[in-house]
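Heads up, the thing below is written out as structure tokens.
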Amino acid sequence: MRKVTSVASLDLNLLVSLDALLQHKSVTNAARQLNLSQPALSAALARLRRHFDDELLYRVGNEYHLTPLAAELRQRAGLALDGVERVFSARPEFSPYESTREFGVLMSDYGITVLGETLAGLFAEAAPHARLRFSPTSPDLVARAEQTLVGTDLMLVPHGFVTDLPHRDLYRDRWVMIVSSDNDHIGSTMSVDDLKNSPWVVVFHGQSAATPADRQLRMLGIEPNVQVITESFLTVPNLVAGSNRIALLQEKLVNLLPAGSGVRTMECPVELGALVDTMWWHPVYDRDPEHTFLRDIVVRAADAATADTR
């Protein structure tokens, strides 16, 4: 049985106040957002300080700063508030055409490039009064996937990052190497020595943030000589063009690059395995009719957007 004694006596309005205070770091601005008086929000802050036994906000000059605990609570409060709002906005039946809610999908710029236009079109056709919000993934959000997915509907990331959550595979892609069109250090084929000796552009970097392809290279004893790190797949071609850098990029994304992008593609000299782009969600939404609607739309979009490239 869920333990509720510690929160049964709490006012849920305190969660709303906490979220606003931590986001704005200002009693005045938070009160304005919530349409409350400043004394009322100051009283709420006092109650929150007593509850957490922590100052939460402290003044330095003319500005307020977050305590370490408040910094930790900042994202948690937003996720918890999203979860509460979704609980109390649930309805026994769901009509997509009449819905005015916002659906959230976390995905990389690669995913948006491949699926975004098709997904947005199908969504607008089925639910013309609702909103679809695309938000970027990050290593931190992916590492805390279960907690993150309490406050957003779906996360689209390949296998290798998330485990033990409900999911549906959408489509397969493969990794290809890209080099500058004028790179004369690498000929018509790429060797393992090229992988080891060339400077690299990588998307994210680190043991927990690397792509599955990067991890596979390390397992094969190939440690890329990382020269540039970016958090956007779409920036990789520009960072490779006109240089002696190399990079791995998804083939579906490479196929969408405009003519004259300044890069050429090559087969990787080692086997990296397929990339399986997948949507993940929190188990609490397994049978939620709104969530089922969104999952069906995403599956249809993936089928349509990748039908000619599978």
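Readers should treat all values here as calculations from the given coordinates under stated rules, not as data from a laboratory. This is a predicted model, so every value here is computed, not measured. Ideal geometry is used to build each Cβ from the backbone, glycine not excepted, and the neighbour counts take in all protein chains shown.
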Seminar exercise, completed: Amide H contacts under 5 Å for Leu275, restricted to residues at least 5 apart in sequence or on another chain and with H modeled in the peptide plane, are Asp173, Arg174, Trp175
Seminar exercise, completed: Spelling it out for Glu55: with amide H atoms placed in the peptide plane at 1.01 Å from N, the residues 5 or more places away or on another chain with amide H under 5 Å from its amide H are none
Exercise. Which whole-Hz ³J(HN,Hα) couplings does region 147-161 yield from phi under the Karplus relation 6.51 cos²θ - 1.76 cosθ + 1.60, θ = phi - 60°, glycine and proline marked x?
Worked result: 5, 4, 7, 5, x, 9, 6, 9, 10, 9, 9, x, 4, x, 10
For this session: Run the numbers on the chain and let me know its relative contact order in percent, using alpha-carbon pairs under 8 Å that are six or more apart.
Result: 21
Exercise. Between Rg and the Kirkwood Rh of region 13-89, both from Cα atoms, what is the Rg to Rh ratio?
Worked result: 0.96
For this session: Provide the percentage of antiparallel DSSP beta bridges, counting only those with both residues in the chain; round to the nearest 5.
Result: 60
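What's the longest piece of the chain with no exposed GluC sites (Glu not before Pro), counting a site as exposed if DSSP puts it in a loop and it has at most 10 other beta carbons within 10 Å?
99-270
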Problem set entry | Under Karplus coefficients 6.51, -1.76 and 1.60, residue-wise ³J(HN,Hα) of region 105-114 in Hz, glycine/proline x | 10, 8, 7, 6, 5, 4, x, 5, 5, 6
Problem set entry | Exposure proxy ranking, count of Cβ atoms within 10 Å, fewest first, for Tyr110, Tyr285 | Tyr285, Tyr110
Exercise. Using the alpha-carbon atoms, what tilt in degrees (0 to 90, nearest 10) does helix 289-305 show relative to the longest principal axis of the chain?
Worked result: 20
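When only C-alpha pairs under 8 Å and at least 6 residues apart count, what is the relative contact order of region 13-89, in percent?
Computed over region 13-89, the figure is 32 percent.
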Exercise. Does anyone have the angle between helix 68-89 and the longest principal axis of the chain? Alpha-carbon axes, 0 to 90°, nearest 10?
Worked result: 80
Problem set entry | Percentage relative contact order, region 199-310, counting C-alpha pairs under 8 Å, at least six apart | 25
Seminar exercise, completed: In order over region 17-28: 3J(HN,Hα) from phi, Karplus 6.51/-1.76/1.60, θ = phi - 60°, whole Hz, x for each Gly or Pro, gives 5, 4, 4, 5, 5, 6, 6, 8, 6, 7, 5, 5
